[in-house]
1. On the given criteria, is B:D50 at pLDDT 85 or above and among the acidic types (D, E)?
2. Please determine whether any residue of segment B:88-109 is in contact (Cβ under 8 Å) with a residue 40 or more places away in the chain, farther than 19 Å from A:V35 by Cα, assigned to a helix (DSSP H, G or I) and at the interface with chain A (Cβ under 8 Å from one of its Cβ atoms).
3. Being polar (S, T, N, Q) and in the same structural domain as A:A274 (by TED's automatic domain parsing) is the filter; apply it to segment A:48-96 and report the residue that is nearest to B:P139 (Cα to Cα).
4. Which of the residues belonging to segment A:20-36 are surrounded by 15 or more Cβ atoms within 10 Å (Cβ to Cβ) and within 19 Å of B:I165 (Cα to Cα)?
5. Tell me which residues, restricted to segment B:43-73, are over 17 Å from B:L276 (Cα atoms), under 31 Å from the mean Cα position of the chain (by Cα) and part of a loop (DSSP other than H, G, I, E, B).
6. Applying the selection to segment A:237-256, what residues are assigned to a helix (DSSP H, G or I) and aliphatic (A, V, I, L, M)?
7. Testing A:T224 on (1) exposed (fewer than 15 other Cβ atoms within 10 Å of the Cβ); (2) part of a helix (DSSP H, G or I); (3) free of Cβ contacts under 8 Å to residues at least 24 places away in the same chain; (4) of a type outside the set (A, V, I, L, M, F, W, C), one condition comes back false. Which one is that?
8. Name the residue that is nearest to B:F169 (Cα to Cα), counting only residues in segment A:25-82 that are among the small types (G, A, S), without any contact (Cβ under 8 Å) to a residue 40 or more places away in the chain and facing chain B (nearest Cβ under 10 Å).
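The values are calculated or read from the model by the stated rules, or taken from the named source; none is laboratory data. Remember, it's a predicted structure, so these values are computed and weren't measured experimentally. Heads up, the Cβs are rebuilt from the backbone with ideal geometry, glycines too, and the neighbour counts pull from every protein chain shown.
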Amino acid sequence: MTTRTGLRSAQRSDFAWAWLFILPSIIGFLVFFAVPSVRGLLMSFTNWDLLRPAKFIGLANYAKLLGDKEFLHALRVTAYYVVLNIPLQTVIALGMAVLLDRFTKSTMIRGILILPWLLPNIIVALLWLWMLDPTLGFINQVIMSLGFERQPFLGSVDQAMPTIAAINIWRHAGYTAILLFAGLQNIPKDVYEAAAIDGADERQMFMGITLPLLRPVLIFVLVTSLIGSFQIFDTIVITTKGGPVDATRVVYWYIYEYAFVRFKMGYAATISVALFLILITITVIQMRYFNADTSDLD
Amino acid sequence: MTTMKKTKAGIPTQKIIAWVAISIIILVTLFPVWWVVRTGFSSKQEIYVDTFNLLPVGPTMNNFKRVLGMFTSEEAVAQGGTASGMDFWMGLKNSLVISTTTILGQTFFSAMAAYAFARLKFRFRDQLFFLYLTAMMIPGVVTLVPNYILMARELQWMNTYRGIIAPSFLMTPFAVFFLRQFFLSINHELEEAAKLDGASIPLIFLQVILPLSVPALSTLAILQFLGNWNDYLWPFLIGKDETMRTLTVGLAVFQSQTPQGAPDWGGLMAGTTLSLIPTIIIFLVFGRRAVNAIQFTGFR
C-alpha cells in the first residue's frame, strides 16, 4: 500500500518537474515565436503606422498586394535570384562532395570549405564588394590583364543579381558540400561493388546509385537552401541597397522598406505573410515531388 | 574482378585531375580572405597604384590604428580615411556580451526542455513538441516585424542588450530539437541507478545528463554562437544607438559612411580583418566540431 502511494506521488512529482523544466522554453516560444506569428497575421489585416492605433481594414492590404507592381517586381527579382543561386550552388556542392568522398577524408579540407559559411554575411559582402570593385578590384585586374574589358558587376542592372548569386554561392557551396558529403558517407560501399561486378560504368553508378540514395539529404539541402535563398537581405544591404534601378530590390528588402523606412507595419506584415505562403507552397511541392519521406535505402 | 582492376589502373590520371580540382576549390575559398588582410595592411596611395601585388603594398599599420581609434579624426582624414571610422572595441564588446549571454541561456533552457521531452512523461508532451517543430519551419521574416513592435512598444527594450538577446535566450526550436535527439541516445541505465539512489530529477539532469552531454552541448553552443555573432538585421534594428552596435552593424555603418566614389578600402578591410579574428579563432579551435555538427544537421 505504502509503496503504491509512494510511486504515485513520485509520478506526480515527475509531472510537476516536467512542466517546470519545460516552462522557460514555453515562455520563450509563446512570447517570441507563437504570439508574434499570430500577431503578424492579424496585423496584415490592419493599417498601422505605430503612431495611431491600428485600424482593421479587412482584406484591403491583400487586394492592394495583388495589384502592387513593385511587389510583383520584387517577387520576380527574388525568383530570378533563387534560380541563379540554387541549381548552380547544388551542382557545385554535389561535385565537391563527390570529390571529397572519393579522394580525401581530410577534416582539415572540409574545415577550409566551410570557412566562408562561418563568416558573417556582412563580411562576405564587404570582401566581394572590394574584390569586384570596378576600378581597383582584383577580379577586374585579372580580367583586364587577360585583355578583356573591365566589368561593372554590382554596378550594372544586368550583372548585379548574378553577381550577388555568385557571392552567395561562394559562401554556401562548401557548407552544402559537407552536408552532401555526410550523405554520401552513408551509402553502403557494397552497392557500388555489386554494380561494378555487373559492369556498370561511373556515370551509370552515379545516376543509378548515388543520386537516388542521396535523395533524403538532397531534399533537406534543397528545401533549406531555397527557404534561405528567398530571404536574401544582408548581402544586399552592403552591396547594392536594392539598386541599381531596383534590379536587386528583393522581397525581403521591400518588407524592410515598408516596415522600417515608411513605417507601414500592416502592409509590411501582409507582404511577410505572402512570402510565407509562397515558401510553404514551394516546400510542399518539393516534398511531394521528391517523395521526401521515403528512402531507397530501406 | 577484371572491371575492378581496370578502374584501379585508371586511378593515377583521375587522381591528378581530382587533386587539381580540390586545390582550385581551396584557392578560391581562401584567396579572397587573404586579399582582405593584404589590403588592410596596404597603404592608401599604394592600393591605387599597385593593384595586382599579392603581398601588402606599402605595408603599414595605419589602417588598423585608425580603426582602433589610435588617431584623432583630423589625422585620419589627412591619411585619406574618414573621420567617422568604426569603434572596433565597442563592437567587439557588444558582440561578445550579446552572443555569449544568448548561447548560455539558450543552451541551458533548451537543454531543460529537451530533457523533459526526451525523458519525462507529461500531458500534451508530443503535441507541444510538434508545435516546436512547426516553429522551426517558420521563416524569420514572419516574426521580424511583430517582434520589433514588441520591443519598441510593449516591452520598451529598444537600445538594450536584453532587447537584442531576449528572442533566442529561452529557446530556439532548433536547439530543443537538436538536444532532444542527443538525450534520446543516452543510455537509460545511469539515470535508473541514480534514481534508485534517491536522486531527484533536477539532480539527475545536472549531475548525470549534462556532464554526459558536453560534446552535444558545446557543438550546439558553437553553432548558435556563430549564428548570433553573424546576425545583422536584428541587432541593427534594436540597437540603434552608437554604443549598442555589434561588430557586423559597426562594419555596415562604417561602409555606409565611407565616400561613395573613393571608398576608404584600406580602413574598411582593416576593420573587416579585425572582425574576422574571432571567427578564425573559433574556426581553428572548434573547426572539427563545427564540421561534425554540420554533418549531423543533415540528418535531423
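1. no
2. Looking for residues that are in contact (Cβ under 8 Å) with a residue 40 or more places away in the chain, farther than 19 Å from A:V35 by Cα, assigned to a helix (DSSP H, G or I) and at the interface with chain A (Cβ under 8 Å from one of its Cβ atoms), one finds at least one in segment B:88-109, hence yes.
3. First pass over segment A:48-96, keeping only residues polar (S, T, N, Q): A:61, A:78, A:85, A:89-90.
Filter once more, so that each one left must be in the same structural domain as A:A274 (by TED's automatic domain parsing): A:78, A:85, A:89-90.
Values: A:T78: 16, A:N85: 19, A:Q89: 21, A:T90: 21 Å.
My answer is A:T78.
4. Within segment A:20-36, A:L23, A:P24, A:S25, A:I26, A:G28, A:F29, A:V31, A:F32, A:F33, A:A34, A:V35, A:P36 qualify.
5. B:S43, B:L54, B:L55, B:P56, B:P59, B:T60, B:G69, B:M70, B:F71
6. Initial filter on segment A:237-256 (assigned to a helix (DSSP H, G or I)): A:237-239, A:251-256.
A:V237, A:I238, A:V251, A:I255 - these are the residues of segment A:237-256 that are assigned to a helix (DSSP H, G or I) and aliphatic (A, V, I, L, M).
7. That leaves (1) as the condition not met.
8. A:G28
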